[in-house]
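Structure, as structure tokens:
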Amino acid sequence: MSKIHVTTTVNGDEVEFLADPRETLLDCLRDKLGMTGSKEGCGTGDCGACSVTLDGTLVCSCLVLGVEADGKQVGTIEGVAEGGVLHPLQKKFIEHAALQCGFCTPGILVAAKALLEQNPNPTETEVRYWLAGNLCRCTGYDKIVRAVMDAAADLRGEAA
Amino acid sequence: MPKDELKELHLVGTRPDRPDGLDKVTGRARYGADISAPGMLWAAVVRSPHAHARILKIDSTKAEALDGVKAVVTRADFPTGLTGEDWNLQENTMAGEVALYDGHAVAAVAATSALIAQEAARLIEVDYEVLPHVTDVDDAIKPDAPAIRPGAADASVPEGMPPNVVRYIEFGHGDVAAGFDDADLVMEKSYKTEATHQGYIEPHACLGQLGEDGRGEMWVCTQGHWFIRRMCTAVLGIEAAQLRVTPSEIGGGFGGKTTIFMEPLSLALSRKAGGRPVKLVMSRSEVLRATGPTASASMDVKIGMKKDGSITAGRAEFRMQGGAFPDAPVDMALYCAFAGYKMPAVEHIGYDVLANRPKCAAYRAPGSPMGAFAVESLVDEMSRDLGLDPIDVRLKNAVVEGDRASYGPKFGSIGLVECLEAAKAHPNLQAPLGPNQGRGVACGYWFNHGGETSVSMAISEDGTAQVSIGTPDIGGLRASIALMTAETLGIPYEDVRVNVVETGALGVNEPTHGSRATFASGLGAVEAARQAIGEMCKRAANEWGIDAEAVEWVDGAAQPAGPNAGKFPPMTIAEIAGKMGSTGGPISGHHESVPEGVGASFGTHVVDVEVDPETGRTTILRYLVVQDAGRAIHPSYVEGQYQGGAAQGIGWALNEEYVYGEDGRLQNPIFLDYRVPVASDLPMIDTVIVEVPNPGHPYGVRGVGETGITPPLPAIANAIHAATGARMRHLPMTPAKVLAALKA
Amino acid sequence: MRYHSPSTFEDAARIAAAAQGVTRFLAGGTDVLVQLRSGHVLPDDLIDLKKIPGTYDIAQTEDGGWRIGIAVPGAALGAHAGLCKDWPGVVEGMELVGSTQVQGRATLAGNLCNGSPAADSVPGLVAAGATVEITGPEGTRSLPVAEVPVGPGKTALTAGEVISAIVLPPRGDKAGDAYLRFIPRTEMDIAVVGAAVSLRLDGDTIAEARVALGAVAPTVLLVAEAAEAIVGTTLDDSAMDALAAAASAACNPIDDKRGTAAFRIEVAGVMAKRAARIAYDRAKGASA
Ligand SMILES: Cc1cc2nc3c(=O)[nH]c(=O)nc-3n(C[C@H](O)[C@H](O)[C@H](O)COP(=O)(O)OP(=O)(O)OC[C@H]3O[C@@H](n4cnc5c(N)ncnc54)[C@H](O)[C@@H]3O)c2cc1C
Ligand code: FES
Ligand code: FES
């Protein structure tokens, strides 16, 4: 099987790798670029642990081929904190104990960030439906939803 | 510790940021599949597509001819002669003569890339002779069911039982017949629950390395690395101390990661590939097909009740299948079934039955949810028939300290009455209900567990402390251990670093299971800190030239115990630690035990549902968890356990189940069809932490992890009944089942 | 597996026609990658259509209908105000597919060509009378969406044929459509039953209607009897009952892990009624 040379931008940095066309973007991020923050919980689009943005759109990186990332902008959990400063979502997740095992957390943070970028003032229902593709088995979602709502308030400059 | 003393705590009961939070919100934390090693190979496993089949031949010639393939292993690569549970573990890791369930491993391969390994696995040819199979528990217990493992029954099974019964259990007390005679109302009903999976989001993953010399290393996601060490070495026939096991961060377990499934395969492959490290990561469908779901159960319950709600007698007969291996938690289910009730007379009968399904593993309060579903449903039904309030009926019969439990022993301090009272007082019980809406109540129980515990604590030169524990942090454990250690030492929370260390660094620790980690490792950390405090008092005493007994430890410093001890300014931990090199050497503490003072935990849940009368779909409107924590060290993570347990119970009640086809194959091995609750399925989950301190723990801790999964099953069934009049006795209560019941 | 990324549909068709082994087109990949991962379908040739210019466009046609590019993901349909105003039922069908993440990728053409009887966007397209434009080795042709699926996993496309656009007819006045499905959870399930209704009013009376059902037969069903049950009515109770009865009667479902046949038959009527109510209200001017 011949491999394909891929040039892409991950969290603002240009990277290159050789991909077998069967390898997913998730495989490439984790195994070729050493960016193991994105997780594989299912490999079939059902759990959202692998969530990344592709040219700004939220996707499951397990449902994108590595070769499809050529020439695109990829955003991962490793890029959510900018310059070492935590995103308000990250702070609120710690503060609200919105993670137990933490395995779903990277995907949920990437997905929640995408939500707040397009809807700064979501209702609880909107948060729940937006995150319906991000399974969390530990928390029952309660504290996750609260953390997202609180981070949204924070980003809007409102005291929670 | 008496209650008033607990009030003076500075740190215990607060909600600081967890120490591992930063790593886990930035993607830095390393889980099972996140690590690689130089020269590493990737493994893939060949699995049986049949529920029951004799393995006639395994031909790996084509696979081995593939470029990049470095090793293939089958059962022939494992030692023979194992017995008992070791044999079960080995057989489950890799089938011997017969594949016992859909997904049972029959061969494994290691290659230079994951893609090559997967391709090689497809090229391994296995010839099977398909055998008759059985997957349902009621079918498996029939006398003419296909015998799955003749000879597997233990001594408890009387002559003449059906072939798949491998364990028989019988216990009770009192005159049950007289009790039923005494009752004003006697009811007997049958219930069924389907197998569910823990559904942790992180699939099993490990990186194993084993040399020809029998020395090895393993990195693995597990709830308990000493268990991994013991089981892997037993299965492979190597010495326990030669395998060093390091736990990764763990992406959920809920009991399912307390045992081995494929870990020995990476070691066997590594040994065969000349000691190169081998990474083995399960896919989701492998997790669902071939790790350990819980048992499925078929249950008959009979209860006698007086008009005033007092229970006169009970009888439970439970049949459970836990796969093709003994150990379905039928005993635990029976112990828990009536645990909340004073039982003048009770009889328990249990059958552990083999079926062609994967070997069950622990799942959060193993057995308790099934038993509760049956008993708590029937108590609700009888209370309603007698026109009594279901909470009042439970209060009337509730066990208190000193009562004899339905399963024998006397209860120590417990908080069931407190939970019921708190539930009764909660505003959710006043919320008005509309059409097609109903409210259900149920209680749940778990014993909790002590287990082998080994903890070390060392004081650093600057007076900060490091704690080494052997129980993986699955949901905020480091925070709780740091709080208890800091509280005991009288230093800031931030001054304590808690490390989950590898098997080489401590004595044997049982896993983070049985709701024991905060209890047992916490107790160990407090005892270790107290030991270090003793030493620090001694160092101060030496310097002051007074007796060590005349020194006390207050707010992180040694000070003379009273005016008679002498007049010296307090000597802080930092001062003592700063010169420990010249005052006698390192200061540390160590604790090893099997803690006895375990505190059991009761809980009461109240749920409001709405049922769509045209489709049978149930929506959870409101959910309340009330549970006795003994003492909440970090209340946020206690609430998290309550909420997570409730969510899993809700899934079990409504939509989760293993669905096997006629062919004995699992029909729903992906999350699209194995339906765990998603965020939009649930409301906020309200919690009340009841604190009846456990006298067996320095800060009053009981375990809180498990009880919460138990009440949702019956509570939701009771709520559906309240909403619709339909009594659901078979889980899950899917829309199709509820609609059929509504039409009946 | 060979990965191709042609820049015209003609090239795509040519590559597909010449391919010997298992061939798949790649749109959003949300079916293709799942099948690849599970090992059910391991293509020898994978033809990525997303590099073809114009595949992300949504454009109004001269007659006032819509032409939708085959790479337009669900989320982009939902964000298109004009399309949502005209065909809210078609859009909501597609928007029900998968999660937010899946919405960032999944396409109408992929949903249709994957050939699942439960595909959520298909009943809406059928009720709307949508067509597909097909490019093949022999040139292009047009086919009603209703005729594309011919069985589970099977379509009427011949070797080398690729869908190059989805075309919706002009909506016209006093008309509305809706799609509803039944799933056990609130999200992330495959439809147990799906029902789409498109109708046009004359005053308060239904003048035209099309009712399509998903997941209740080997392919999507266009149920003429169900439409007849409501045409000429104001969707009063007896019309609703007749609609439900006709919808249930048309079902030819199976028992499977996702639902029983009896349940599907019963709930098909319920979904059809509820979808008809929404479509009717939309036709009367309620916003989507
Ligand atoms: C987590 C998850 C949830 C899902 N939920 C739903 C759901 O709720 N409802 C639902 O209906 N589906 C669901 N799906 C399935 C899938 O998302 C949809 O079918 C989707 O619309 C497929 O579109 P795609 O662009 O991703 O197709 P692809 O995967 O790219 O292609 C699918 C098939 O169509 C063919 N194809 C694609 N484009 C063309 C073309 N232009 N011409 C000819 N053939 C073509 C491909 O060869 C392939 O066989 C779900 C999938 C996942 C992973
Ligand atoms: S790993 Fe991609 S969605 Fe689960
Ligand atoms: S915190 Fe464990 S899966 Fe979400």
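The values are calculated or read from the model by the stated rules, or taken from the named source; none is laboratory data. As the structure is a prediction and not an experimental result, all values here were calculated from the model. With ideal geometry, Cβ positions are generated from the backbone for all residues, glycine too; neighbour counts draw on all protein chains shown.
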- Any residue at all in segment B:601-615 that is crowded, with 24+ Cβ neighbours inside 10 Å, modelled with pLDDT of 95 or more, facing another protein chain (nearest Cβ under 9 Å) and over 30 Å from B:H52 (Cα atoms)? no
- Task: Please find, among A:D46, A:D154, A:D150, A:D142, the residue that is within 12 Å of chain C (Cβ to nearest Cβ) and of a type in the set (D, E).
- Result: A:D46
- Message: For the structure I just gave you, tell me whether A:E23 is farther than 25 Å from C:K50 by Cα, at the interface with chain B (Cβ under 9 Å from one of its Cβ atoms) and modelled with pLDDT of 95 or more.
- Response: no
- Query: Within segment B:196-243, which residues are within 16 Å of ligand 2 (Cβ to nearest atom) and out of contact with any Phe, Trp or Tyr (no Cβ under 9 Å at 6 or more places or on another chain)?
  - Reply: B:P203
- Message: Can you find, within segment B:691-706, the residue that is farthest from the chain's Cα centre (by Cα) among those that are crowded, with 24+ Cβ neighbours inside 10 Å and away from chain A (no Cβ under 14 Å)?
- Response: B:Y699
- Note on the structure: Taking segment B:74-93 and keeping only residues that are buried (at least 24 other Cβ atoms within 10 Å of the Cβ) and touching a strand residue (DSSP E or B) at 6+ places or on another chain (Cβ under 7 Å), one is left with B:T93
- Query: Any idea which of B:R289, B:R319, B:R364 is farther than 30 Å from B:A108 by Cα, within 14 Å of chain A (Cβ to nearest Cβ) and touching a Gly at 6+ places or on another chain (Cβ under 8 Å)?
  - Reply: B:R364
- Return yes when C:D189 is of a type outside the set (F, W, Y), surrounded by 17 or more Cβ atoms within 10 Å (Cβ to Cβ) and either touching a Phe, Trp or Tyr at 6+ places or on another chain (Cβ under 8 Å) or part of a strand (DSSP E or B) (or both) and no when it is not. no
- Message: Which numbered condition in (1) crowded, with 24+ Cβ neighbours inside 10 Å; (2) within 22 Å of B:D17 (Cα to Cα) is the only one that B:P511 fails?
- Response: (2)
- For A:N121, work out the one condition from (1) surrounded by fewer than 20 Cβ atoms within 10 Å (Cβ to Cβ); (2) outside any loop (DSSP other than H, G, I, E, B) it doesn't fulfil. (2)
- Among the candidates A:G79, A:G75, A:G48, A:G37, which residue alone is within 16 Å of ligand 3 (Cβ to nearest atom) and at negative phi? A:G37
- Message: Here are the criteria: (1) in a helix (DSSP H, G or I); (2) in contact (Cβ under 8 Å) with a residue 24 or more places away in the chain. Tell me which single one B:S680 does not satisfy.
- Response: (2)
- Item | Residue that is touching a residue at least 12 places away in the same chain (Cβ under 8 Å), of a type outside the set (D, E), within 16 Å of ligand 2 (Cβ to nearest atom) and part of a helix (DSSP H, G or I), where the choices are A:L131, A:L116 | A:L131
- Task: Say whether the condition of being more than 13 Å from the chain's Cα centre (by Cα), among the polar types (S, T, N, Q) and at pLDDT 95 or above is met by at least one residue in segment A:78-97.
- Result: no
- Quick one: how many residues across segment C:95-129 are out of contact with any strand residue (DSSP E or B) (no Cβ under 8 Å at 6 or more places or on another chain) and of a type in the set (A, V, I, L, M, F, W, C)? 1
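Please note which strands (runs of 3 or more DSSP E) are completely contained in segment C:75-172 and include at least 2 residues that are within 13 Å of ligand 1 (Cβ to nearest atom).
C:131-136, C:139-144, C:162-168
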- Extreme residue, farthest from the other protein chains (Cβ to nearest Cβ), among residues of segment B:636-677 that are in contact (Cβ under 8 Å) with a residue 60 or more places away in the chain and charged (D, E, K, R): B:D663
- Scope segment A:103-160; condition in contact with a His (Cβ under 7 Å, 6 or more places away or on another chain) and more than 16 Å from ligand 3 (Cβ to nearest atom); matching residues: A:K113, A:D150
- Query: Of these, B:T583, B:T572, which one is farther than 16 Å from B:T464 by Cβ and assigned by TED's automatic domain parsing to the domain that holds B:A529?
  - Reply: B:T583
- Criterion: more than 14 Å from chain C (Cβ to nearest Cβ), surrounded by 21 or more Cβ atoms within 10 Å (Cβ to Cβ) and assigned to a helix (DSSP H, G or I) - qualifying residue of A:F93, A:F103: A:F93
- With respect to the numbered conditions (1) crowded, with 24+ Cβ neighbours inside 10 Å; (2) part of a helix (DSSP H, G or I), which one is the sole condition not fulfilled by A:V59? (2)
- Query: Restricting attention to segment A:34-51, which residues are polar (S, T, N, Q) and near ligand 1 (Cβ under 10 Å from one of its atoms)?
  - Reply: A:T44
- Tally of residues being of a type in the set (A, V, I, L, M, F, W, C), within 14 Å of chain A (Cβ to nearest Cβ) and out of contact with any Cys (no Cβ under 8 Å at 6 or more places or on another chain) across segment B:244-276: 1
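Mind telling me which of the residues A:V74, A:V67 ends up being farther than 20 Å from B:E202 by Cα, in contact with a strand residue (DSSP E or B) (Cβ under 8 Å, 6 or more places away or on another chain), assigned by TED's automatic domain parsing to the domain that holds A:L33 and within 16 Å of ligand 2 (Cβ to nearest atom)?
Every option except A:V74 fails the conditions.
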